[in-house]
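Chemist: Structure provided below as structure tokens; questions to follow.
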Amino acid sequence: CRLSPRTTTAAQSSPGRAVRDYREIDGVFDAIASVGIVEHVGDKELGQYFSKLTEHLTPRGALVNHGITTRDPSSKRGGKPTFTSTYVFPDGELIPVESVVHKAEEAGLQVRDLEGLRPSYALTPRQWVDKVEANRSSHPVGSEELCRIWRVYMAGSAIAFERSGVDVYQMAGRPTQRPGLTGAAT
């Protein structure tokens, strides 16, 4: 099995777009899209994460945040080790979507839309495995052990999404009124 990292050259070279670690953002943006980060930030740092993103939005800017969450409020980092926490995402923590929305609002975002994508997202890990398997020989070298780990992870993820063990949500928000502004953001 061979795996290759996706390049972000097109996004990095396009005018008005930037690919950055949220902790290293500089400047103010009309829109920020954050995909797949909340599950790595963790509950403890989630408020700081949303505050940082909000700080870098124009008063009428928009944030789209896409992330994996859990339906289990007892799911916390530091619990019993799992296959995923041991081999795939040792820094990961799935947070209930209600907590994600609450932290976003505490950080000064007005959540305008929240969409659950779990039923259709369950297809995504299955399609990733199919594509990797179909193109195994065309990817740069990766260890067979790593490939087996990712196959098991993706299969387990597909089942978890299908059975509602985990969810995927996309949240859209705008900054709430800030000091010195006349009228709330619309």
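Table: residues versus (1) out of contact with any helix residue (DSSP H, G or I) (no Cβ under 9 Å at 6 or more places or on another chain); (2) at pLDDT below 85.
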residue: THR70; (1), (2): no, no
residue: SER75; (1), (2): yes, yes
residue: VAL88; (1), (2): no, no
residue: ASP91; (1), (2): no, yes
residue: GLU98; (1), (2): yes, no
residue: ARG112; (1), (2): yes, no
residue: ILE149; (1), (2): no, no
residue: VAL152; (1), (2): no, no
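Chemist: Of all residues in region 158-171 being within 26 Å of ILE32 (Cβ to Cβ) and buried (at least 17 other Cβ atoms within 10 Å of the Cβ), which is farthest from the chain's Cα centre (by Cα)?
Modeler: Looking at residues that are within 26 Å of ILE32 (Cβ to Cβ) and buried (at least 17 other Cβ atoms within 10 Å of the Cβ), I get PHE161.
Chemist: Count, please, the residues in region 114-135 that happen to be open to solvent by 80 Å² or more (accessible area, probe 1.4 Å) and of a type in the set (D, E, K, R).
Modeler: Within region 114-135, residues that are open to solvent by 80 Å² or more (accessible area, probe 1.4 Å) and of a type in the set (D, E, K, R) number 4.
Chemist: Could you check region 73-83 and list, in sequence order, the residues that are in a loop (DSSP other than H, G, I, E, B), open to solvent by 70 Å² or more (accessible area, probe 1.4 Å) and touching a residue at least 12 places away in the same chain (Cβ under 8 Å)?
Modeler: Scanning region 73-83 gives PRO73, LYS76, ARG77.
Chemist: Within region 85-107, work out how many residues are in contact (Cβ under 8 Å) with a residue 60 or more places away in the chain and open to solvent by less than 40 Å² (accessible area, probe 1.4 Å).
Modeler: Qualifying residue count for the region: 6.
Chemist: Scan region 31-53 and tell me whether some residue there is over 25 Å from PHE89 (Cβ atoms), assigned to a strand (DSSP E or B) and open to solvent by less than 30 Å² (accessible area, probe 1.4 Å).
Modeler: Within region 31-53, none of the residues are over 25 Å from PHE89 (Cβ atoms), assigned to a strand (DSSP E or B) and open to solvent by less than 30 Å² (accessible area, probe 1.4 Å).
Chemist: Is it true that ARG60 is at pLDDT 95 or above, open to solvent by 80 Å² or more (accessible area, probe 1.4 Å), in a strand (DSSP E or B) and among the basic types (Lys, Arg)?
Modeler: no
The values are calculated or read from the model by the stated rules, or taken from the named source; none is laboratory data. The structure presented is a predicted model; accordingly, all values stated were derived computationally and were not measured. Backbone-built Cβ (ideal geometry, glycine too); neighbour counts: all protein chains shown. SASA here: full protein model, heavy atoms, side chains in, ligands and nucleic acids out. Shrake-Rupley method; radii C 1.70, N 1.55, O 1.52, S 1.80 Å.
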